[in-house]
Amino acid sequence: MVDLFVDQVLVKNNKDQDELDTEREIVLRLQNRILMLFFASAICESCRRFAPTLCDFFKQLTDEFYVDRAAQLVLLYISLDQSEEQQESFLKELPKKCLFLAFEDPYRRELEAIFNVEELPTVVVLRPDCSVVIPNAVEEILRLGPSCYYNWREAAELIDRNFMIHEDFEEKSMCSFTDPVRRLKYKRSERGGGGGGGGGGEGGKPEH
């Protein structure tokens, strides 16, 4: 997923709306994590109804109040709003730890096309290598709650950061992103099979 965003500017959903605008910042934030791309709009009633559920889902997996170890999970809001005011309004309903693309960033629409978003809300779940685990996880999140994250983690074959010392992890984070992907492909070829997909999503849509 780093490849998707390494040349982009990601914005934190905090009071100051701090920007992640260097390759180092983006790699450290996204590498070895599952990414949820949340496509939605403030004028979409279904999106507004789903937002509190998604917010609780994300908090229960990443907030220290609920868990000792935060899940390796990133939430990125891809606004399909018609105005910046609508986007700002909707961001207030989302977790402070989530990221978003600025309203004036045309990459929002490019991502909509890349992932063939046909309905709102849509939550595209991505592995660290940018491949799709689930093209739309909305129904799975509503049905299973936070437990579905563990299905995604297994499908994504994440490396557990907690078994790496800090310096080692940071060094690996700054390596070429294609290196771990190549190693993973080699590992799979040795086993003679590919990695399985995540369960429960909208399986009718092809993966990208």
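The values are calculated or read from the model by the stated rules, or taken from the named source; none is laboratory data. Since the structure is predicted, the reported quantities are computational estimates derived from the model, not experimental observations. Using ideal geometry, Cβ is built from the backbone for each residue, glycine included, and neighbour counts are taken over all protein chains shown. Please note that ligands, DNA and RNA were not included when accessible areas were found on the heavy atoms of the full protein model with its side chains. Shrake-Rupley method; radii C 1.70, N 1.55, O 1.52, S 1.80 Å.
Among 157, 112, 64, 118, the sequence by solvent-accessible area, most first, with a 1.4 Å probe is 64, 118, 157, 112. Extent along the principal axes, Cα only, for the stretch 10-156: 37, 35, 31 Å, with the longest axis given first. Taking the accessible area of the stretch 10-156, probe 1.4 Å, and keeping the other protein chains in place, the carbon and sulfur fraction comes to 45%.
Taking 0.36 nm per residue of separation and subtracting the Cα-Cα distance, full extension of the segment from residue 110 to residue 29 would add 27.0 nm.
Put a dot 7 Å past the Cα of residue 6, heading toward its Cβ, do the same for residue 66, and the two dots end up 3.2 nm apart. Counting charges near residue 4 (Lys, Arg +1; Asp, Glu -1) among other residues having Cβ under 12 Å from its Cβ returns a value of -3. Computed with a 1.4 Å probe over protein heavy atoms only, the accessible surface of the stretch 10-156 comes to 45 Å² per residue. With the simple spin-label model, which puts each label point 7 Å out from Cα in the Cβ direction, the residue 154 to residue 55 separation comes to 3.2 nm. Protein-only accessible surface at a 1.4 angstrom probe places the residues 66, 149 in the order 66, 149, largest first.
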